[in-house]
Structures are given as structure tokens and as C-alpha cells.
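The values are calculated or read from the model by the stated rules, or taken from the named source; none is laboratory data. Given the structure is predicted, the values throughout are model-derived calculations rather than measurements. Note that each Cβ is placed from the backbone with ideal geometry, even for glycine, and that neighbours are counted across all protein chains shown. Accessible surface is based on the protein model in full, side chains and every heavy atom, while ligands, DNA and RNA are left aside. Shrake-Rupley method; radii C 1.70, N 1.55, O 1.52, S 1.80 Å.
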Amino acid sequence: MRYHTAASFEEAVAIAAAAEGVTRFLAGGTDVLVQLRSDVVTPDDLIDIKHIPGVSEIIRADDGGWTIGIAVPGAVMGEHADLCRDWPGVVEGMELIGSTQVQGRATLVGNLCNGSPAADGVPALMTAGATVSVVGPNGSRTVAVQDIPTAPGRISLSKGEMITAVHLPARAEHAGDAYLRFIPRTEMDIAVVGCAVNLRLDGDVIIEASVALGAVAPTARLVPAAAEALIGSTLDDAALSALAEAASAACSPIDDKRGTIAFRTRVAGVLARRAAGIAYDRAKGASA
């Protein structure tokens, strides 16, 4: 294995583009180091990107949006009061990943690029309308988060490409988001089902909404029908029932030791109702 320390994104991309065999980027390392130690993956080239300027920063833009560096750990996100105030659902998704020790290392981009359908950090990014900056041998581009995962353990980036930052839009007024998951244990487990909801209000009426599910399909996915069930409502019983039905209908899970197809399908609807209630309350609080 060849270990590289990149001083810039351009250098990291050049190394990755020229490499042959298995290449991995090292930021937090909570996935790649576990895979390496357990002989699941042994990279031919391991590119350390922690020393690139800006990768450990959280920056609020002039328009109110956010840029999160690719080496920012979940623990740092959770301590950032303004980010937590704007995007609590995004932060709480990251705060559910692993132990306190893992939180000190795990990153949003690592969680996204691991390609796990059950990644806790991904659904709330999708409902937020988050994007990532990607740079590679052919230049740079901006990609919606929902277009990054393509299958379990696989992402859409080409050889030599890497994500350089995560971008969250400005938080709209009278809006709120939330993320919930179900796990078999009380903590430190992989989601059996995850659900994120982001919505905006005009008075008591929901005028914008986005719903995403995790761990119930080959990738985390947005559920437009679930969002449509919320729009125009005041989150009454009829809207919540329609939301739950749409969320369950969007599921295409598997049976495994952590949950059956029937269980996951039902829990998706339950979590959607609960997450919508939390997001609605947060939006009402933002409008107070």
C-alpha cells in the first residue's frame, strides 16, 4: 500500500487519477481504517486529505448558506450553534453515527461516499437540497447529494474524482427539518429505517416539503409522493395518514437479521409521521 499526503485537492486528484488498483481517500477514517484492519479492502493507494487547507472548516456564506469541509467531524458539527439552529436534522443525523469516539472523526462526506443505504447522514442532506462540489481530472462540477449514491457501496464519482465540500442552502424563514431512525438497540447500531423531513410554513399551512428515507432501498431516496401529502395541509390526521402511506409505498427493503420487509415498510410510515411532527414544531418555533 502506498500512503500519500496531499497538500491540495489538485494534488489529491492527480494521485488518484494516475493510480491503478484500489484507491481510498482518508479524512475521518472511520470506514476505511476499519475496512483495512478487517481485510475487507486493502487500498493500493491511500490518499490522506486531512492537511488540505479548508477541509476542517464550517463556513457561513453571505447568502446564509453553509459550506462544510470534508474533514469536519460530527462532533464539531454538533457544537456549532448556528448550524444546529439552521439545520438541526442534518446535524442530528450525523450525531447518531457511532460512539463519542467515532463522532470525533466521522465526517458527512465519508458517510455519503461509503455508499451505505442506511447512512444516517444522507437523508437529511437530501431533504435540505444539499449539493457537493466535485473536482476531478476533467474539472469541477456541482452534484446534488441524491445523485451521489447509486447502489450499496457504490457512488457516481468517476476515477480520479473527489468531493471537496458539502453545501447547504440558506435556511428559509418559518421552516424546520428533522431526522429519525429506528435501530434494534438503544445506540451505536445501523439504521433499520431512517427518515428525514424538511418543510416550510405559511402561517400554519405547509407550503414546501421534502421527505427522504434510508435503509429501505438500495440507496437513500427522496419520496415526492410523501412530500406532496404534506403540502397544503396543517399536518392534520389526514395528511399524516397520507404521508405514512406514501412513505411505506416507497419502500423496497430486504429481509435481514435486523428487520423484515414488512417491519421496515411499516416503520417507515411511523417514522415519517414522527419526523414530520418534529419538523413542523421546529418551523412553528422559527416563525414565533
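May I ask for the distance between the Cα centers of the range 180-236 and the range 142-174, given as a whole number of Å? If you average the Cα positions of each part, the centres end up 19 Å apart.
A straight Cα-to-Cα reach below 21 Å connects LYS159 with the lysines LYS50, residues fewer than 8 places away in its own chain not being considered. Based on protein heavy atoms only, the range 1-119 ends up with 47 Å² per residue of surface accessible to a 1.4 Å probe.
The stretch between GLU228 and THR186 holds 11.9 nm of extra length on full extension. This uses 0.36 nm per residue minus the Cα-Cα distance. Membrane-span-like helices in the chain, defined here as complete DSSP H runs extending at least 24 Å along the helix axis by their C-alpha atoms with mean Kyte-Doolittle hydropathy no lower than -1.0, are 261-286; this is a sequence and geometry rule, not a statement about a membrane.
Only aspartates and glutamates eight or more places from LYS257 in sequence, or on another chain, were considered; those with a Cα closer than 14 Å are ASP189.
List the relative contact order of the chain as a percent without decimals, with contacts defined as Cα pairs under 8 Å and 6+ residues apart.
Numbers: 691 pairs, mean separation 46.2, N = 288.
So the answer I get is 16 percent.
Starting from the Cα gyration tensor of the range 144-195, take the square roots of the eigenvalues, sort them a ≥ b ≥ c, and report rounded, prolate or oblate (rounded when a/c is under 1.5, otherwise prolate if a/b is larger than b/c, else oblate). Oblate, since a/c reaches 1.5 and b/c is not below a/b.
Estimated at 0.36 nm per residue, the fully extended path between ILE59 and GLU10 surpasses their Cα-Cα distance by 15.5 nm. By definition, a body whose alpha carbon gyration tensor gives a ≥ b ≥ c is prolate when a/c is 1.5 or more and a/b is larger than b/c, and the range 169-280 fits this prolate description. Please list, by residue number, every one of the GluC sites (Glu not before Pro) in the range 1-76 that is coil in DSSP and has at most 14 other beta-carbon atoms within 10 Å. Within the range 1-76, the qualifying GluC sites (Glu not before Pro) (loop, at most 14 other Cβ atoms within 10 Å) are GLU20, GLU57. In a fully extended conformation the segment linking VAL22 and SER38 would gain 4.2 nm over its present Cα-Cα distance, using 0.36 nm per residue.
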